[in-house]
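Inspection log for the structure reproduced underneath, given as structure tokens.
The values are calculated or read from the model by the stated rules, or taken from the named source; none is laboratory data. Keep in mind it's a predicted model, so treat the numbers as computed, not measured. Please note: Cβ atoms are built from the backbone with ideal geometry, for glycine as well, and neighbour counts cover all protein chains shown.
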Amino acid sequence: MSIVQDNLKLLAIESSGNVASVAILEQGKMIAELTMNNKKTHSTTLLPMIDQMIKMCEKDLADFDAIAVTRGPGSFTGLRIGAATVKGLGLAMELPVIPVSTLECLAMNVSESNDIICPIMDARRNQVYTAAYEVKDGRLQEVLKEEPMDIKDLIEKLKVLEKNVLFLGDGVAVYRNVIAQELKERACFAKEHNMVQRASSLAVLAKEKWEQRVTSKEFHLEYLRASQAEREWKEEHQGEELPCLS
Amino acid sequence: MGVNFVTHVIIFIENRLYSCGRKMENKNQTTKEKEVKILAIESSCDETAAAVVVNGRKVCSNVISSQIELHKLFGGVVPEIASRKHLEKINQVIEEALSEAGMTLDDIDAVGVTYGPGLVGALLVGVAAAKAISFAKNKPLVGVHHIEGHISANYIEHEALVPPFICTVASGGHSHIVLVEDYGKYKIIGRTRDDAAGEAFDKVARSIGLGYPGGPKIDKLAKQGNSKAIMFPRAKIEDAPYDFSFSGLKSAVLNYLNQCEMKNIEVNKADVAASFQASVVEVLTMHTLQAAQDFGIKKVAIAGGVAANTSFRESMEKVCKEKGFEFYYPSPIYCTDNAAMIGVAAYYEYINGTRHGLDLNAVPNLKIGQR
């Protein structure tokens with residue numbers, strides 16, 4: 001890791017699921033993290049949380065080098081509240097944005113594990129947004145690439161790997177029993193504090209991904225799933241892409 | 001006299017802000033006439049828009065990124081696609097609005113944003129971005145009602161227009177007759193019981209194969225048709241002389257088309273468009289005039305997408321002239337969804353002391369006059 005990266009001051013913002021989480025990483029030290037998992041809409045909580053955290057740390061927005069944010073997958077609305085907030089902050093303060101995969105961010109919660117790490121986020125309709133990682137040389141390496149997947153297909157893919165798997169994410173609450181039945185003692189699950197998205201994990205990953213920063217205008221989400229209207233349109237038009245209208 | 005009044009109000013507001021523990025501006029400034037520059041953001045439906053407006057009347061920039069070509073593919077606005085597009089465009093639109101106005105965020109006195117009514121996912125993008133800018137730059141945040149914005153569009157090009165006046169707002173999502181008692185003070189005196197006027201335009205346009213959006217297409221085709229060819233109903237609601245109902249009219253058009261098909265009669269689409277439009281226009285015009293007469297108001301305005309309809313404008317113009325009423329309407333660019341109108345409404349809210357916090361949420365069914 002470069003000296004630049006070790007000295008970064010990052011504001012991390014996470015709102016891709018039910019959790020709203022914000023953190024400040026400063027010169028290699030996590031100086032604040034605030035996480036709420038209390039069913040209130042991010043629209044009313046996220047910015048007041050950022051405000052509180054910055055005030056309590058006696059920081060100023062102008063002190064930061066970049067804003068870290070999860071770029072998806074996740075709840076479309078949740079992601080957009082975070083993204084629009086980040087875009088507004090980035091525009092106003094001329095700060096770059098470091099986008100990070102929500103799944104990788106989740107995996108980072110348990111990055112000391114020797115097992116396969118498998119974040120699962122409930123995507124409804126028996127699907128999860130998922131990926132699988134292994135830690136090599138202290139870094140997360142993708143074993144299964146991120147995509148929306150039927151939970152049964154995921155379990156089959158993990159069976160083939162013949163290793164213990166550590167599951168986490170909001171999909172665990174939905175599929176814990178199915179997973180435990182199929183993978184038996186090879187499946188284990190993260191504890192409560194590591195189960196959900198945390199902005200501290202996001203901040204640490206963002207530091208590593210400093211080179212991938214973009215402007216707030218360039219920053220975009222990766223939903224991993226087209227809107228229903230778009231999927232239906234493509235079916236009707238034999239897989240043709242929507243005319244690009246920018 | 002007007003200037004004195006405004007100055008006085010500003011002093012009052014600064015005092016109030018101070019008492020709330022917020023940052024107070026240099027008090028000496030308030031004794032002079034001060035320009036209030038508002039950055040306004042609008043994303044309630046399928047237009048991503050930003051504008052800079054000075055003192056609620058001067059539009060320095062008015063940037064609109066329309067998604068209409070995209071939604072045409074689906075025959076109407078798709079909320080999820082609209083929300084995604086807003087997020088893609090929001091920064092570009094704001095940056096363009098500031099640069100066209102020759103300003104930076106440091107020059108801005110407040111941020112105004114539409115927080116309802118509208119599509120919740122779409123509204124959230126503008127609201128979140130506006131709050132973030134307000135927070136980052138320590139500028140007051142003023143949430144604006146979308147319809148109050150449409151009404152306020154009339155102030156942009158009519159310096160002489162001051163409340164009280166009657167305004168009929170008709171668009172794809174709304175049909176209201178509003179008594180504007182004062183700046184920021186609204187009283188609904190008539191509303192639609194079912195479909196909005198613009199919605200009826202869209203549905204009828206679809207039924208005669210014109211596609212989305214229906215308003216401009218029917219307006220154009222109607223010019224070639226006979227508005228008296230088919231007698232479509234003009235709905236009246238008992239005990240509510242200012243209310244509207246357009247769903248019966250829509251059904252009447254669909255029935256007519258069905259009957260023609262059954263009898264193998266070729267439909268003259270231009271006549272259908274003209275006759276349908278005549279019914280909507282007559283009802284809108286007559287109810288508006290009735291309201292103005294009953295409330296003893298001599299100034300009448302129209303707003304919203306349907307206010308861009310040429311037949312509606314002509315009809316209102318003619319009747320107001322006959323009755324000796326002053327008639328106001330915005331240019332088409334200020335009838336469609338735009339942020340300049342939000343900047344105008346935000347200015348008068350700002351002057352009235354309205355401030356919103358960082359917890360402002362999108363309210364998809366926000367009521368007129370709700371704060």
Which pairs turn up if I take residues in the stretch B:212-241 that are under 26 Å from B:LEU73 (Cα atoms) and look for partners that are surrounded by 14 or more Cβ atoms within 10 Å (Cβ to Cβ) and among the acidic types (Asp, Glu) with beta carbon separation below 8 Å, at least 6 apart in sequence or on another chain?
B:TYR212/B:ASP202; B:PRO213/B:ASP202; B:GLY214/B:ASP202; B:GLY215/B:ASP202
Evaluate the following for B:GLY116: is it modelled with pLDDT of 95 or more, out of contact with any Phe, Trp or Tyr (no Cβ under 9 Å at 6 or more places or on another chain) and under 28 Å from A:PRO73 (Cα atoms)?
yes
Could you please find all residues in the stretch A:29-62 being exposed (fewer than 14 other Cβ atoms within 10 Å of the Cβ) and small (Gly, Ala, Ser)?
A:ALA62
Take the residues in the stretch B:122-146 that are over 25 Å from B:VAL178 (Cβ atoms) and of a type outside the set (A, V, I, L, M, F, W, C); name whichever of them is surrounded by the most Cβ atoms within 10 Å (Cβ to Cβ).
B:LYS131
Just to verify a result, which residue in the stretch A:195-246, among those that are part of a loop (DSSP other than H, G, I, E, B) and of a type in the set (Val, Ile, Thr), is farthest from B:VAL78 (Cα to Cα)?
A:VAL196
Test B:VAL125 against the criterion of being closer than 23 Å to A:ILE50 by Cα, in contact with a Pro (Cβ under 8 Å, 6 or more places away or on another chain), within 11 Å of chain A (Cβ to nearest Cβ) and modelled with pLDDT of 95 or more, and give yes or no.
no
Assuming A:THR70 fulfils every condition listed in (1) β-branched (Val, Ile, Thr); (2) within 13 Å of another protein chain (Cβ to nearest Cβ); (3) under 13 Å from A:GLY82 (Cα atoms) apart from one, which condition is it?
(2)
Regarding the stretch B:111-128, can at least one residue be identified that is outside the structural domain of B:VAL300 (by TED's automatic domain parsing), under 30 Å from A:PRO243 (Cα atoms) and assigned to a strand (DSSP E or B)?
yes
Only one residue in B:GLY149, B:GLY143 is assigned to a helix (DSSP H, G or I) and either in the same structural domain as B:ALA303 (by TED's automatic domain parsing) or within 18 Å of B:ILE351 (Cβ to Cβ) (or both). Which one?
B:GLY149
Check off (1) closer than 27 Å to A:ASP6 by Cα; (2) more than 14 Å from every other protein chain (Cβ to nearest Cβ); (3) out of contact with any Gly (no Cβ under 9 Å at 6 or more places or on another chain); (4) small (Gly, Ala, Ser) for A:SER111 and give me the number that stays unchecked.
(3)
Output for the stretch A:147-173, where each listed residue is in a helix (DSSP H, G or I) and either surrounded by fewer than 16 Cβ atoms within 10 Å (Cβ to Cβ) or of a type in the set (Ser, Thr, Tyr) (or both)
A:LYS152, A:ASP153, A:GLU156, A:LYS157, A:LYS159, A:VAL160, A:LEU161, A:ALA173
